[in-house]
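The structure appears right after this line, and notes come after that.
Here, each number is a calculation from the coordinates, and none is a lab measurement. In this text, all values refer to a predicted model and were calculated from it rather than measured experimentally. Cβ atoms come from the backbone with ideal geometry, glycine included; neighbour counts cover every protein chain shown.
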2 protein chains.
Amino acid sequence: MVKQISIIDAKDHVDEEVRIGGWLTDKRSSGKISFLQLRDGSAFFQGVVVKSQVSEEVFQLAKDLKQESSMWITGVIHEDTRSHFGYEIEVSNIELVGESGDYPITPKEHGVEFLLDHRHLWLRSKRTFAIMQIRNEIIRATYEFYNQEGFIKMDPPILTGSAPEGTTELFHIEYFENDAYLTQSGQLYAEAGAMAFGKVFTFGPVFRAEKSKTRRHLTEFWMIEPEMAFMNQDQSLEVQEKYIAYLVQNVIDHCEYDLNLLDRDIDQLKKYTQLPYPRISYDKAIEMLQAADFDVKWGDDFGAPDETYLSDQFEQPVFIMNYPKAIKPFYMKPHPTRDDVYLCADLLAPEGYGEIIGGSERETDYDKLEAEIVKMGLDLKDYEWYLDLRRYGSVPHSGFGLGLERAITWICGIDHLREAIPFPRMINRIQP
Amino acid sequence: MVKQISIIDAKDHVDEEVRIGGWLTDKRSSGKISFLQLRDGSAFFQGVVVKSQVSEEVFQLAKDLKQESSMWITGVIHEDTRSHFGYEIEVSNIELVGESGDYPITPKEHGVEFLLDHRHLWLRSKRTFAIMQIRNEIIRATYEFYNQEGFIKMDPPILTGSAPEGTTELFHIEYFENDAYLTQSGQLYAEAGAMAFGKVFTFGPVFRAEKSKTRRHLTEFWMIEPEMAFMNQDQSLEVQEKYIAYLVQNVIDHCEYDLNLLDRDIDQLKKYTQLPYPRISYDKAIEMLQAADFDVKWGDDFGAPDETYLSDQFEQPVFIMNYPKAIKPFYMKPHPTRDDVYLCADLLAPEGYGEIIGGSERETDYDKLEAEIVKMGLDLKDYEWYLDLRRYGSVPHSGFGLGLERAITWICGIDHLREAIPFPRMINRIQP
Ligand SMILES: [Mg+2]
Ligand SMILES: [Mg+2]
């Protein structure tokens, strides 16, 4: 019996007869030959149907196939040095599996709202395919990295009875007789995990009811939040840069095909595997912006143009360290010799992608943390359990959060977060 | 400088002086010697403080330490053949890091509601530690398995604009001007993924607003849902049993310490790595139950006692195949020669743990699927995108869902789903 293979494995079957289940993405026919563009979910390649070498029925079927028809293809694999993929199949037989209607996503240009309305089909397109392969690799490499480094995965709850950083931008749920909210961050729970398991990472969906419609916002996205006991901020920065370099290296090693589909410059990516990443202070960043005539003063948070300018001054991702207290959350640990900044850092991605990581050392002192909670106007009752972590054997600990989709857009070199997740959720989009 | 290590790595540092950051779980002191039970998140072991070999201050500190105090311990690692762990530390110095108040979870017995109220601390206990290590290993091995098998991870949306299987047991959200619901299953989206990527798996939280208070129900739990294009139900069963055996084997290989902490019989688990698993029909299962005087008739769904009895008849997990249409969802593919059952199977875990997997081949025919949706009283408009998967190149495909926490309780040999997740959510519990 003819061996069934995936397109991605064509290289191992040159000059062999094989069978592939797949779909038609495009075709070109003359009187004597048809070129079928095929995909099977593992890769894309070309099938060649030569009239003189197949039955009349098969040649006619090849000519009549509509876009996205599914079929079993039988044929012999050949090298194809003209194509990016490098292999093609010389078709001997086609068995139609599923016909296709008039497929809505044609090779012509479509508007993005139309494409998002058809996201369940748009996933089949080459560009989306490549992004999702890279997303998968980043996910895979994340698990591999943290497992190698002795972390355990800890899943914080998605449904919470209170809000970690105040009550804005929260999705509310009627939870039987109670109120509940969708998590915005698993960090506080990860801290409980670090006290139990030493080093933990979370990796799950988080939610922000943001009304922003920018290309940098989703209401539902995935975060990776490592948290490490007995570790200070400097040690945390070392974990962060090692992790990011690991992601980039693994995408280079395993997704060359996909990076090429996206026209992503691999030499550019290789720069991001060089460690250490530069570190500058928030103070220095303000100076740099002011020297370049940006209208900012010490104490301001950075906007997207500020972050773009700053990251453009470096060839690698850059850590901006020690932000003013007023623009960062209450649980951060103050600088030991300065009253006005925290022991924290954001990592800005190059090429204008902005912040991809935010992290800090955490306040360990019970009284100071309690005072901050009160000062922020938060309800102490909601934080009793969190304060317990300082009541019973508090230890120095640090952590950070990476936004998965932000990392994907940067590594893929694409513009919009909405392309980095299979089914994006935004203020005006909850379908399909 | 003395090397900083984790307890789990003690075996590599016998007779070396090392430094460990950790917490006290218990202690025993006499006039001349103190035995400190220590944990650092990687494992548990004993520290021995001999009065004649440390300073007076250190010996006094060791005597005064309260449960869950945190500290840096310096000392020399020795083999300790009397303990399960096999190593201990002969303490030369202790630096207190964080004091502890009166820790609420003492070595005495506590009620489960009290423990759940203190889940953020209960995570530190030996039993919870072991369960969470095994949970982590099952997660790790799941990613490894599906990546090896050529699947990509595809994240379905958590927020959905409509409900996959009717509108019962759904959590509702106000989504700006619209209604949204928390996902109960990512399957329909995984089917769109399989048509784009061939083989996909989801792994994320799902939600059921179930009012049940049984030990087998959580309102928030994690599901793994693989979906495979060009694959029939028999092929899917082979993936399922290979996956389950892989999980069990990896837990045996990597979590012996944790299985021992839980008194789990490893020889029992080894039986579950033998393939294939037995397969019986639903018809046969009904016969077996009737022969054992259970009050069931053909067409009934199985309750927990039925599943327990059936699984007790086998040494391994058992597939129950081809259930009546009336008790399974609309998207399943009917049996080719029988009008009354689907091409589906549930996998029952041994030792009375009941269903851990449900799966089926999926209906591929547009007209039949549309008719089922109408017959179920569902709104066709909500399923237009799903029907598109049959409109444009439909192919045979199959998939299944594993409940993570159900698999954990079975592999760990524990009674309650609430112990299998870090922060369980149930009808009466949304805190901490
Ligand atoms: Mg920022
Ligand atoms: Mg059942």
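Annotations for the structure displayed:
- Its Kirkwood hydrodynamic radius, worked out from the mean inverse distance over all distinct Cα pairs, puts segment A:3-98 at 12.9 Å.
- Segment A:101-209: trypsin sites (Lys or Arg not before Pro) in DSSP loop, at most 14 other beta carbons within 10 Å: A:108
- Position residue A:106: other-copy label points at 7.9 nm, ordered by increasing distance, label point 7 Å along Cα→C-beta.
- 30 Å Cα-Cα threshold exceeded, pairs from A:271/B:11; A:51/B:368; A:368/B:3; A:375/B:211; B:213/B:328; A:242/B:11: A:271/B:11; A:51/B:368; A:368/B:3; A:375/B:211
- Charge dipole (debye, nearest 20) of segment B:119-419; +1 at Cβ of Lys and Arg, -1 at Cβ of Asp and Glu: 620 debye
- FRET E, pair residue A:109, residue B:249, Förster distance 60 Å, beta-carbon r, rounded to 0.05: 0.75
- 5 angstrom amide H check on residue A:206, placed H, neighbours 5+ away: A:221, A:222, A:223
- Debye, to nearest 20: dipole size of the protein assembly as shown, +1 on Lys, Arg Cβ, -1 on Asp, Glu Cβ: 60 debye
- With the biggest extent put first, the Cα atoms of the protein assembly as shown measure 97, 83, 54 Å across the principal axes.
- Once the chain from residue A:242 to residue A:217 is taken as fully extended at 0.36 nm per residue, the excess over their C-alpha distance is 6.4 nm.
- Label point at residue A:126 placed 7 Å out along Cα→Cβ; residues across segment A:1-35 whose backbone nitrogen lies under 13 Å: A:25-27
- Per residue of peptide B:170-178, the mean number of Cβ atoms on other chains within 10 Å of the residue Cβ is 5.
- GNM on chain A, alpha-carbon springs under 10 angstrom: the most fluctuating residue among A:401, A:377, A:352 is A:377.
- Theoretical FRET efficiency, 1/(1+(r/R0)^6), r = Cβ-Cβ of residue B:1 and residue B:177, R0 51 Å, to 0.05: 0.25
- Classified by the C-alpha gyration tensor, segment A:118-184 has an oblate form. Its axis ratio a/c, with a ≥ b ≥ c, is 1.5 or above, and a/b does not exceed b/c.
- Here A:254, A:397, B:84 are placed in order of increasing Cβ neighbour count within 10 Å, fewest first, which gives B:84, A:254, A:397.
- Rounded tilt (10° steps) of A:366-375 against the dominant C-alpha axis of chain A: 80 degrees
- Counting Cβ atoms of other protein chains within 10 Å of each Cβ in B:218-227 and taking the mean gives 1.
- Residue B:41 long-range amide H proximity, modeled H, under 5 Å: none
- Neighbouring partner chain Cβ atoms per residue of A:197-206, average, 10 Å criterion: 5
- Centre-to-centre, using Cα atoms only, segment B:198-237 and segment B:265-318 are separated by 20 Å.
- Inter-label distance, nm, simple model (7 Å from Cα along the C-beta direction), residue B:16/residue A:57: 7.2 nm
- Here the dipole of segment B:362-424 is about 120 debye; that uses its Cα centre as origin and unit charges on the Cβ of Lys and Arg (positive) and Asp and Glu (negative).
- Residue B:312-residue B:76 pseudo-label distance in nm [points 7 Å out on the Cα-to-Cβ vector]: 5.6 nm
- Reported to the nearest whole Å, the Cα centre-to-centre distance from segment B:341-378 to segment B:1-23 is 52.
- Position residue B:270: other-copy label points at 5.0 nm, ordered by increasing distance, label point 7 Å along Cα→C-beta.
- Computed over all pairs of different Cα atoms, the Kirkwood value for the hydrodynamic radius of chain A is 24.5 Å.
- Largest to smallest principal axis extent of the C-alpha atoms in segment B:179-272, angstrom: 46, 37, 20
- The residues B:225, A:169, B:241, A:372, when put in order of fewest to most other Cβ atoms within 10 Å, stand as A:169, A:372, B:241, B:225.
- Between identical copies, the spacing of residue B:60 label points, each set 7 Å from Cα toward the C-beta atom, reads 10.2 nm from nearest to farthest.
- Rounded to whole Hz, the Karplus (6.51, -1.76, 1.60) HN-Hα couplings of segment A:284-295, x for glycine and proline: 4, 4, 4, 4, 4, 5, 5, 4, 9, 6, 6, 8
- Fewest-first sequence of B:308, B:106, A:409 by Cβ atoms within 10 Å of each Cβ: B:106, B:308, A:409
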